[in-house]
Structures are given as C-alpha cells and as structure tokens.
1. Expected output is a single nm value to one decimal: the length gained when fully extending between Leu135 and Tyr73, i.e. 0.36 nm times separation in residues minus the C-alpha distance. What is it?
2. Give a residue-ordered list of calculated ³J(HN,Hα) values for the stretch 15-27 (Karplus: 6.51 cos²θ - 1.76 cosθ + 1.60, θ = phi - 60°; whole Hz; x for Gly, Pro).
3. Evaluate E = 1/(1 + (r/R0)^6) for Phe223 and Ala269, where r is the Cβ-Cβ distance and R0 equals 22 Å; express this FRET efficiency to the nearest 0.05.
4. On a full-extension model of 0.36 nm per residue, what is the gain between Met84 and Gln55, subtracting their alpha-carbon distance, rounded to one decimal in nm?
5. How large is the dipole of the chain about the Cα centre if only Lys and Arg carry +1 and Asp and Glu carry -1, each at its Cβ, rounded to the nearest 20 debye?
6. Roughly speaking, to the nearest percent, how much of the stretch 1-294's 1.4 Å accessible area is carbon and sulfur?
7. Which loop trypsin sites (Lys or Arg not before Pro) in the stretch 8-92, with loop taken from DSSP, have no more than 11 other Cβ atoms within 10 angstrom of their Cβ?
8. Can you list the chymotrypsin sites (Phe, Trp or Tyr not before Pro) in the stretch 231-261 that are in a DSSP coil and have 14 or fewer other beta carbons within 10 angstrom?
Amino acid sequence: MCIGRFVFGIGGESLAVAQNTYAVSWFKGKELNMVFGLQLSLARIGSTVNMNAMQPIYDSIAKSSAFADAPSYQVLGVSLYIAMFTCLFSLACALGLAFFDWRAKRILKTSAATTGETITLKDMKTLLLSGKLWLICGICVAYYVTVFPFVGIGLVFYEMKYQMPHATAGIANSLVYILSAACSPVIGFLIDKSGKNIFWVMAGTLLTLGCHALFAFTFATPFLPTIIMGVAYSVLAASLWPLVSYFVPENQLGTAYGIMQSVQNAGLAAISQLSGSLVDNNGYLILITFYLVSPLTPVSSQHPQ
Ligand SMILES: C[C@H](NC(=O)[C@@H](N)CCCCN)C(=O)O
C-alpha cells in the first residue's frame with residue numbers, strides 16, 4: 001500500500017505542477033485567476049465525488065452475488081479498479097492536450113507551452129534565493145495545513161463535537177470542497193477584475209482563521225463556518241497559485257511550482273501526523289486552536305502588492 005501511495009503522490013503532484021505551468025503559459029494576462037479557479041473547481045468536483053462515491057461503490061460490490069463470499073481486500077481491489085478508469089480518462093485528456101499543444105506549435109511556429117528557453121543553473125540559483133518564492137511557499141504551507149488535514153479528520157470531528165449522524169457529518173465535511181467547486185471560477189473572475197491577488201490571499205486567510213475560531217470556541221451550527229471555509233479556501237487558492245507567475249520568468253515556472261508543491265506536501269505530511277496525534281492525546285479543542293495559529297503565518301508574511 002505504501003508503495004502504491006508513493007507512486008500516486010509522484011503522479012498526482014507532478015500533474016499539478018504541469019497543469020499550473022501550462023495554465024500560466026497559455027493564459028497569462030488573460031483571466032489567469034479564473035483559469036486557476038476553473039482548474040480548482042474541477043479538481044474539487046473530483047475530490048467530492050471520491051469522498052462520497054467510493055463507500056457506496058464498495059458496498060454495492062460487497063453486496064453483489066459475484067463477491068458475496070469474497071474477502072474485503074478483493075472487494076476493495078475491484079473498487080479501486082473502477083477508480084482506475086478516472087485515471088485513464090485523465091490520461092486521455094493529457095493526450096488531447098499534447099495534441100493541441102503540438103498543433104499550436106505547428107501553426108504558430110513556436111513552442112506553445114514554453115518560451116523555448118530552458119532553465120540554467122544560474123536561473124536555478126536565482127530562483128532558490130528568491131525571497132518572494134519562499135514567502136509564497138510559506139503562505140501556501142501554513143494555509144493548506146489548516147484545510148486539507150482538517151477535512152481529512154473532519155468526519156470524526158463533526159460526529160464527535162456536534163453529535164452528528166455519520167451521513168450528516170459526511171455532508172458537512174464535503175461542503176468545503178462542494179462550495180469550492182461551485183464558486184472558484186466566479187471568485188477567480190472577480191480576482192481578475194480587481195487585480196489585487198495579495199489582498200485576496202489575506203482575505204481568504206483571515207476568513208479561514210474566523211472559521212477555525214468558530215469551530216474551536218462555539219457550539220453554533222458548524223454549517224456556517226464550513227460554508228465560509230469553502231468560500232475562503234476558493235479565494236485563497238484562486239489568488240495564491242497565479243501569484244507565482246508575476247515574478248518568476250516563464251522558463252522557471254515549472255521548477256517554481258515544483259518547489260511550491262514540495263514545500264506544501266512536506267508540511268502536509270508532518271501536520272497530518274501531528275493532527276492525528278493532537279486529536280488522540282489532547283482532543284479537538286487543542287487541534288483547532290493549533291489550526292487557528294497556523295494561518296497567522298501567512299497573514300504576517302504578506303506585504304502590499
Ligand atoms: C491548487 C491546489 N493544489 C494543490 O494543493 C495540489 N498539491 C494538489 C492537492 C490535491 C489535494 N487532494 C488546491 O487543490 O487547492
């Protein structure tokens with residue numbers, strides 16, 4: 001299983017790096033935030049379908065006469081084979097993209113997704129010494145560790161703190177992603193219109209901070225902070241990722257997004273472990289208080305655009 005997850009991590013995150021680089025190369029100066037919002041929206045539709053569909057798929061296979069006496073690992077294996085078809089669909093889309101890129105290159109007599117220049121060791125050094133890049137990485141990791149691990153343990157949180165039945169807790173937990181799927185393109189469009197990415201990054205961070213405060217210190221309906229968190233997360237994601245393209249030259253974008261994803265994932269790996277141990281040893285109040293402190297890092301590391 002660990003090997004499978006390792007390969008999955010390499011594939012998924014490389015895909016994200018390539019997607020971001022293509023998006024900037026094709027849409028810079030033309031509604032880039034909206035394109036990132038749209039990309040985010042489709043990714044979150046995928047996450048929501050995954051969160052809600054895998055258990056029913058597993059249950060229906062287990063109940064089917066063909067697998068009535070099958071051990072659970074076999075039922076799981078068949079469920080994962082079904083999931084594999086969405087990866088094949090993704091591969092088909094990537095091949096379609098390669099075709100359009102090749103066609104654009106042929107028609108425009110240029111490389112569509114790159115400037116033709118490749119990154120040099122000197123560029124790499126400049127990039128690694130760029131304070132702006134590390135600030136964005138800091139914002140990214142400090143913000144995302146308060147959202148992804150929270151959604152990861154959200155189901156049990158809603159069940160335990162708010163005494164919700166399993167199904168209602170599942171709906172509450174997927175609301176962050178459902179809302180993000182619905183509103184990211186619109187938010188991206190609004191960010192394009194205002195052109196103030198850093199303002200929106202701060203707004204997304206502060207709103208998320210407010211949500212964690214409501215989760216930690218009140219027993220008011222959790223649906224309100226969850227809904228606000230869905231919107232805040234969309235605001236942050238649609239404004240933060242395109243920001244890289246404002247100061248990193250096009251031939252270094254892939255490397256810059258690769259560094260950003262690595263830093264984000266290193267933080268997520270550590271904080272997911274810490275979240276589990278904080279919940280087990282200290283309870284949810286301490287965990288949410290920890291989430292409350294983490295976004296303060298992005299707020300304090302931002303300065304006006
Ligand atoms: C845009 C941003 N993408 C990421 O954070 C990637 N590392 C992919 C994460 C996939 C999460 N299951 C985002 O999704 O907000």
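1. 17.9 nm
2. 4, 5, 4, 5, 4, 5, 5, 4, 4, 5, 4, 8, 10
3. Working from the Cβ atoms, E equals 0.15.
4. Stretched out fully, the Met84 to Gln55 stretch lengthens by 8.9 nm.
5. Dipole size: approximately 740 debye.
6. 71
7. Those that pass, being in a loop and sparsely packed, are Lys30.
8. Sparse-neighbourhood loop chymotrypsin sites (Phe, Trp or Tyr not before Pro): Phe247.
The values are calculated or read from the model by the stated rules, or taken from the named source; none is laboratory data. These numbers come from a predicted model, not from an experiment. All Cβ positions, even for glycine, are placed from backbone atoms using ideal geometry, and neighbour counts span all protein chains on display. Please note that ligands, DNA and RNA were not included when accessible areas were found on the heavy atoms of the full protein model with its side chains. Shrake-Rupley method; radii C 1.70, N 1.55, O 1.52, S 1.80 Å.
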